[in-house]
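Some notes on the structure that comes next.
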Amino acid sequence: MIINFSIKNFRSIKDQITLSFEATKSNDLEDYYIIQPKKGLRLLKLGIIYGANASGKTTILQALNFLRDLVLEPLEKKTEKFDFEPYLFDAISKNSSTFFSLEFIQNRVKYLYEVELNKETIIKEGLYFHKPNKALVYRRSTNVKKQLTEITFGSKVKISKESKSALIGNTLWNNTVLGGYLKTNFESTEFQDVIKWFKITLKPIVEPRTGLIPFVSNLIEKKEIKKRNVIEILKKADFGISDIVLRKENKKIDMNLLDFITKNSILPDKEIDKIKETGEIETLEILLQHAISKSKYLLPIEDESAGTKRYYEFSGILSLIISEKSILPIDELESSLHPDLVKHFLLTFLVNSKESQLIATTHHRELLMEKDILRKDVIWFTERKEDCSTDLFSLKDFDSSVIRNTSSIYNAYKIGKLGAVPNLDDYYIEFEDGNN
């Protein structure tokens, strides 16, 4: 689980901001919101981020996704550069380094991971753990002139001299040490736990355009999530869907498509070799069964509405994050969904999940009317500062003169008392005369 995530000088984020999942002392909705992975630590299951367009909501999720890729997808050559931009509207920031700091829990152990980088190299990096006191796993710096990595290991970390040398050799100046570990053949509990957290617990960002239908359907087909659970979620959301039918079929593959799949590494090498040998690709037809007037009808999922397809995807990921520890970032949670469905989705997650977290951006301000289901410490706002950089603040930061327990958060946000809304001008436009 995430405790705190800090970002500095990444895209629209100039000054350091921190998204925190540490709960306040409030016992509101304690049973549904609070997880206690360690003694004295109370973490929230949910974080909801509001803000105007181009205020940086999505950038926060993208930063987390970037950090995940930084660890799990190390670059192969020293000459390769990282695909990101620092804050560009400032002469100093655009030539300065970017910084991430992430506190999280894995296997009941608290970790702190910090990394500083520019587009060419990892400048500094550190990993610490608490057992029970804070101790160093490793600290890394880069000799930029020589393009060489230097690593210091903590005394509590048991790694042989040969393994240390191999890890240093595999950690290019533009790789994290964790990325270097993925290329190195030795065993370490601390390294393995952290890699597992980034790979399995922290999920990639779900955007409005992210197509999860094949992903969810394959999980069902492989029995990695239970079909009846997905159907139950869909039924409770009033979609009238009584079954999910998956049909496998082999189809002849066009050589141009095969070339595209091969070049872009879309499928594992074994599957590509099988396709080349047979000239066929296995497809999965997805049909949703509707029970109407005691009759049952099958409809291909591509013929369903955008909302049905979106909630089919959400039902699958709900089943996943309820059944196993996961952290799921969702951008524009309300995309293609009725407001009541958004509320239903959140409540289903809160009531049924045990140790998962959901981080969502949204424009759905009517959700702020739901004082009986939301805690103040789960609500966050992004706002553009005068220099167009991103500021991040929490509803809990406002004192009682702005928000009282009995007041309407929705009304306060709507009229601008909380900030994080567009500063709109009047509706009149003075067009230039096209003849001049």
Boolean, Glu85 is of a type outside the set (Ser, Thr, Tyr), open to solvent by 10 Å² or more (accessible area, probe 1.4 Å) and over 22 Å from Ile195 (Cβ atoms) | yes
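Can you name every residue in the range 22-54 that is part of a loop (DSSP other than H, G, I, E, B), under 21 Å from Leu350 (Cα atoms) and open to solvent by 20 Å² or more (accessible area, probe 1.4 Å)? Show your work before the answer.
To start, the set of residues in the range 22-54 that are part of a loop (DSSP other than H, G, I, E, B) comprises 23-29, 39-40, 45, 52-54.
Narrowing the set further to residues that are under 21 Å from Leu350 (Cα atoms) leaves 23-29, 45.
Answer for the range 22-54, where residues must be part of a loop (DSSP other than H, G, I, E, B), under 21 Å from Leu350 (Cα atoms) and open to solvent by 20 Å² or more (accessible area, probe 1.4 Å): Ala23, Thr24, Lys25, Ser26, Asn27, Asp28, Leu29.
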Working only within the range 104-123, note down all residues that are surrounded by fewer than 19 Cβ atoms within 10 Å (Cβ to Cβ), β-branched (Val, Ile, Thr) and closer than 24 Å to Asn143 by Cβ.
-> Ile123
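Can you pull out every residue in the range 351-383 that is open to solvent by 10 Å² or more (accessible area, probe 1.4 Å) and under 19 Å from Tyr32 (Cβ atoms)? Show your work before the answer.
Initial filter on the range 351-383 (open to solvent by 10 Å² or more (accessible area, probe 1.4 Å)): 351-352, 354-355, 363-366, 369-374, 376, 380, 383.
Matches in the range 351-383: Val351, Asn352, Lys354, Glu355, Met369, Glu370, Lys371, Asp372, Ile373, Leu374, Lys376, Trp380.
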What do you reckon, is Leu19 under 14 Å from the mean Cα position of the chain (by Cα), of a type in the set (A, V, I, L, M, F, W, C) and crowded, with 16+ Cβ neighbours inside 10 Å?
-> yes
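Would you point out the residue of the range 147-182, among those that are open to solvent by less than 70 Å² (accessible area, probe 1.4 Å) and either in a strand (DSSP E or B) or among the hydroxyl-bearing types (Ser, Thr, Tyr) (or both), that is farthest from Gln106 (Cα to Cα)?
First pass over the range 147-182, keeping only residues open to solvent by less than 70 Å² (accessible area, probe 1.4 Å): 147, 149, 151, 153-154, 157, 159-160, 163-164, 166-181.
After this cut, where a residue has to be either in a strand (DSSP E or B) or among the hydroxyl-bearing types (Ser, Thr, Tyr) (or both) as well, the list is 149, 151, 153, 160, 163, 171, 176, 181.
Numbers: Thr149: 27, Ile151: 23, Phe153: 20, Ser160: 24, Ser163: 24, Thr171: 24, Thr176: 19, Tyr181: 18 Å.
In this case the residue turns out to be Thr149.
Looking only at the range 183-197, decide whether some residue is touching a residue at least 12 places away in the same chain (Cβ under 8 Å), assigned to a loop (DSSP other than H, G, I, E, B), among the hydroxyl-bearing types (Ser, Thr, Tyr) and within 27 Å of Ser97 (Cβ to Cβ).
First pass over the range 183-197, keeping only residues touching a residue at least 12 places away in the same chain (Cβ under 8 Å): 183-186, 188, 190-191, 193-197.
Okay, now just the ones that are also assigned to a loop (DSSP other than H, G, I, E, B), so 183-186, 188.
Now drop any that are not among the hydroxyl-bearing types (Ser, Thr, Tyr), which leaves 184, 188.
Subset that is within 27 Å of Ser97 (Cβ to Cβ): 184.
Scanning the range 183-197, I find at least one residue that is touching a residue at least 12 places away in the same chain (Cβ under 8 Å), assigned to a loop (DSSP other than H, G, I, E, B), among the hydroxyl-bearing types (Ser, Thr, Tyr) and within 27 Å of Ser97 (Cβ to Cβ), so the answer is yes.
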Could you pull out the residue among Glu116, Glu103 that is without any contact (Cβ under 8 Å) to a residue 24 or more places away in the chain, part of a strand (DSSP E or B) and touching a Lys or Arg at 6+ places or on another chain (Cβ under 8 Å)?
-> Glu116
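Can you list the strands (runs of 3 or more DSSP E) lying wholly within the range 202-319 that have 3 or more residues being open to solvent by less than 50 Å² (accessible area, probe 1.4 Å) and of a type in the set (A, V, I, L, M)? Working first, answer last.
On the way: elements: 241-252, 280-292, 295-300.
Hits in the range 202-319: 241-252, 280-292.
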Within the range 1-16, of all residues that are over 20 Å from Ile327 (Cβ atoms) and among the polar types (S, T, N, Q), the one least open to solvent (accessible area, probe 1.4 Å) is Asn9
Got at least one residue in the range 123-146 being over 29 Å from Ser20 (Cβ atoms), out of contact with any helix residue (DSSP H, G or I) (no Cβ under 8 Å at 6 or more places or on another chain), of a type in the set (Ser, Thr, Tyr) and assigned to a strand (DSSP E or B)?
-> yes
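The values are calculated or read from the model by the stated rules, or taken from the named source; none is laboratory data. All values derive from a computational prediction rather than experimental measurement. Ideal geometry is used to build each Cβ from the backbone, glycine not excepted, and the neighbour counts take in all protein chains shown. We work out accessible area using only protein heavy atoms, side chains counted, and drop any ligands, DNA or RNA first. Shrake-Rupley method; radii C 1.70, N 1.55, O 1.52, S 1.80 Å.
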